[in-house]
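Below is one structure; the comments refer to it alone.
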Amino acid sequence: MNEPIIIGLIQNIAVLMAFAMLYENFWLKNEKPRSLPAKLFTGIILGGIGIVLMFTPWTLMPGLVFDTRSVMLSVSGVFFGVIPTVIAMVFTMVARFFMDGEGMWMGMAVILVSGTIGLLWAELRKNKQPKYMAIEFLALGLVVHIMMLATTVFLPSERIMPTLKTIVLPVFFIYTPGTMLLGLLLAGQKRNFQNLWEKEKLYESERKLSTDLIKKQKELQEQVEKYSRLNHEFQEQNIELQQAKEKAEESDHLKSAFLANLSHEIRTPMNAIMGFTELLTQDELTTEEREEFIDIVRESGFYLLSIINDIVEISHIDVGQIELKESEIDLQDFLTHLYQTYAVSPTKEKEVKFSLEMPEPPPKGKMITDEVKLRQILINLLNNAIKSTPQGQISFGYQMEKADKISFFVKDSGVGISPDNHQLIFERFRQIETDLSKRASGSGLGLSITKAYVELMGGTIEVDSEIGKGSTFTVTLPFVESSEQVTPQGKSLSADLEKSKDSKLILVAEDEDINWFFISKVLSKGNYKLIRAVNGKEAVEYCKKNPDISLVLMDIKMPEMNGFEALEEIRKIKPKLPVIGQTAYALPGDVEQLKAVFDDYITKPIDRKLLIEKIEENL
């Protein structure tokens, strides 16, 4: 179930709650016989609620939408009676007629059937007090929504079966229980109102009929205590409802901010990708223009991926799924590699000089920490410095505060931050509005993720900045030194495939044509032969019949047999054959599962150089 359907369900639930409030606060409290105008007015309100439900649907296909009007109309027939329900049916049928689409006749039939069954149900249960209310309303929901399934006959013939397959589970596991719950809610409201009315009537009778003053005083005292307890309970309930309301409003505000920011940030790189991809189809482009457009598409793709990674990461932080994975790192080597990454890749259209500052002499031992999170902290701070520094100096490094404390810093000569905003910048989706920040892109999550990582690692983060004087971010972490001594070492990895004397045969198990095309192009420059399997079962058969296969690139999600199942079968045939898993599943739990069973793994989108390195290491 995708996100628009979830949002549609939440909106429908909210509207049905308004329906329940109408019954409790207007219909039940009118003690006198209800007049025709009151019934007409109620019917109009119910019709409006039905129309609102139809305008907050989830769409199966153009013109074919679903909502909870069937739940509302069937329950309306049971509790509101003929006139209001019929008026509501007429209003919603007229609205559905003007909404048009392939599902129009089915939608109108659902309205007619739902309201009619509710009215008939009310007539059959008149003057009866069923023992098992839940079973009765569950049965009502089943009958109504079985008939709803039957109304698919009004759809075009080619739409009937796909529609039934799509809605049969929601009909029985959402609509039917929803009818039962809404019916029980209204029945409970009615019962509570009757109980309250009976209590008030009893209190009045006792007060009028009692002739014994002492007894009367005692009874009155008991009633006072009773209502005092009820009042206390009501006050507690009001407090809880107020807290729930505040939480719901806060959640709604955060959701709105999240969706608005996400929509903007995703559309920006997508606009560049789609626009410049279309421009690349023009024959009259010069070589320079074509290379420039390709660079823009590539950078936009990387930026879009970073947004997705930030959103996934912040969701993991919210649910507490982020764990530290400590290892030993050589600080000098670690920071030098990071410096080289930025120094050799200058930012376009900016005159920025990078420098690395480290104490002399360096610590004798290696630092024990989470290398991945420490690198991400510094990258986030460096990227933030680049965005705020159109030209000038950016320096970073570390210094030892105490024997057990180490401070990393990133300093820039950029536009600076007002002291009033020093705490604001660490909140989610918050970016300080300046002319420079408006030109720079970002999800507004980088510093929030950075702060969460720092606190998870037992440290603190501070900012020292003023407008026009640049910024200095300082991250202080516990320093745990390993007993292993630092020894100078160097390592370089080839970016291109080395030619082997003999061709190696690689089996690529990949069901998506575009991914196969990309991998084949990347490996075409190496001295390799490639064969393709479009599913896990076919990959196993290739391994059985071809003894010359030297390595397998295995996709995880494939038809007939997935990558894990195929790996299990290949291990039985060739236990020493190296198999590299390739997948779009990049969450921590997924990565750990890949590490546990495959010889190596690579996540999508696949980095060309990393793919080549993985192949070199495993052959």
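The values are calculated or read from the model by the stated rules, or taken from the named source; none is laboratory data. Computed from a predicted structure; not experimentally measured. Positions of Cβ are backbone-derived with ideal geometry, glycine not excepted, and every protein chain shown enters the neighbour counts. To get the accessible areas, we keep the full protein, side chains included, count just its heavy atoms, and leave off ligands, DNA and RNA. Shrake-Rupley method; radii C 1.70, N 1.55, O 1.52, S 1.80 Å.
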- Task: For residues that are under 36 Å from the mean Cα position of the chain (by Cα) and open to solvent by 40 Å² or more (accessible area, probe 1.4 Å), scanning just segment 181-211, find the one that is nearest to PHE234 (Cα to Cα).
- Result: LEU185
- Determine whether GLY101 is within 18 Å of ASP67 (Cα to Cα) and touching a residue at least 40 places away in the same chain (Cβ under 8 Å). no
- Would you say PHE98 is assigned by the TED database to the domain that holds TRP27, part of a helix (DSSP H, G or I) and surrounded by fewer than 17 Cβ atoms within 10 Å (Cβ to Cβ)? yes
- Selected residue (only one of LEU149, LEU169, LEU182 is at pLDDT 85 or above and assigned to a helix (DSSP H, G or I)): LEU149
- Note on the structure: Note on segment 174-205: residues of a type in the set (Phe, Trp, Tyr) and over 26 Å from MET21 (Cβ atoms) are TYR203
- Of all residues in segment 150-163, count the ones that are touching a helix residue (DSSP H, G or I) at 6+ places or on another chain (Cβ under 6 Å) and open to solvent by less than 90 Å² (accessible area, probe 1.4 Å). 5
- Message: So for segment 335-349 (the condition being within 23 Å of THR460 (Cα to Cα), modelled with pLDDT of 80 or more, in the same structural domain as PHE426 (by the TED database) and not aromatic (Phe, Trp, Tyr)), does at least one residue qualify?
- Response: yes
- Message: With at pLDDT below 85 and in a helix (DSSP H, G or I) as the only criterion, which of PRO33, PRO37 stands out?
- Response: PRO37
- Could you grab me the full set of residues in segment 589-619 that are under 21 Å from ILE570 (Cα atoms), among the hydrophobic types (A, V, I, L, M, F, W, C) and open to solvent by less than 30 Å² (accessible area, probe 1.4 Å)? VAL591, LEU594, PHE598, ILE602, ILE615
- Message: Test of understanding: among ASN546, ASN562, which residue is open to solvent by 20 Å² or more (accessible area, probe 1.4 Å) and under 23 Å from VAL312 (Cβ atoms)?
- Response: ASN562
- Message: Restricting to segment 443-468, name every residue that is at pLDDT below 85 and either at positive phi or loosely packed, with under 14 Cβ neighbours inside 10 Å (or both).
- Response: GLY444, GLU466, GLY468
- Yes/no for GLN376 being touching a residue at least 12 places away in the same chain (Cβ under 8 Å), more than 17 Å from VAL480 (Cα to Cα) and part of a helix (DSSP H, G or I): yes
- Task: Provide a single number: the residues in segment 568-619 that are modelled with pLDDT of 80 or more and among the aromatic types (Phe, Trp, Tyr).
- Result: 2
- With the condition kept exactly as written, say whether any residue in segment 264-280 is within 30 Å of PHE293 (Cα to Cα), outside any helix (DSSP H, G or I) and modelled with pLDDT of 80 or more. yes
- Working carefully through the options LEU551, LEU577, find the one that is under 18 Å from SER503 (Cα atoms) and touching a Pro at 6+ places or on another chain (Cβ under 7 Å). LEU551
- Item | Checklist (1) farther than 17 Å from ILE379 by Cα; (2) within 20 Å of the chain's Cα centre (by Cα); (3) at pLDDT 70 or above applied to ASP295, failing item | (2)
- Per the list (1) under 19 Å from LEU505 (Cα atoms); (2) touching a residue at least 12 places away in the same chain (Cβ under 8 Å), residue check on LYS576 breaks on (2)
- Task: Please list, ordered by first then second residue, the pairs with beta carbon atoms under 6 Å, 6 or more apart or interchain, first in segment 52-63 and in the same structural domain as GLU158 (by the TED database), second at pLDDT 70 or above and surrounded by fewer than 19 Cβ atoms within 10 Å (Cβ to Cβ).
- Result: LEU60/THR166; GLY63/GLY101; GLY63/GLU102
- When segment 97-125 is examined, which residues are found to be among the small types (Gly, Ala, Ser) and under 17 Å from MET180 (Cα atoms)? SER114, GLY115, GLY118, ALA122
- Query: Does GLY118 fit the bill of being at pLDDT 85 or above, in the same structural domain as VAL143 (by the TED database) and open to solvent by less than 30 Å² (accessible area, probe 1.4 Å)?
  - Reply: yes
- Only one of MET1, MET17, MET21 that is closer than 29 Å to PRO156 by Cα and either at pLDDT below 80 or out of contact with any strand residue (DSSP E or B) (no Cβ under 8 Å at 6 or more places or on another chain) (or both): MET1
- Find the residue count for segment 538-581, including only residues that are within 21 Å of ILE615 (Cα to Cα), among the polar types (S, T, N, Q) and not in a strand (DSSP E or B). 1
- Given the structure, is VAL110 part of a helix (DSSP H, G or I), open to solvent by 60 Å² or more (accessible area, probe 1.4 Å) and modelled with pLDDT of 85 or more? no
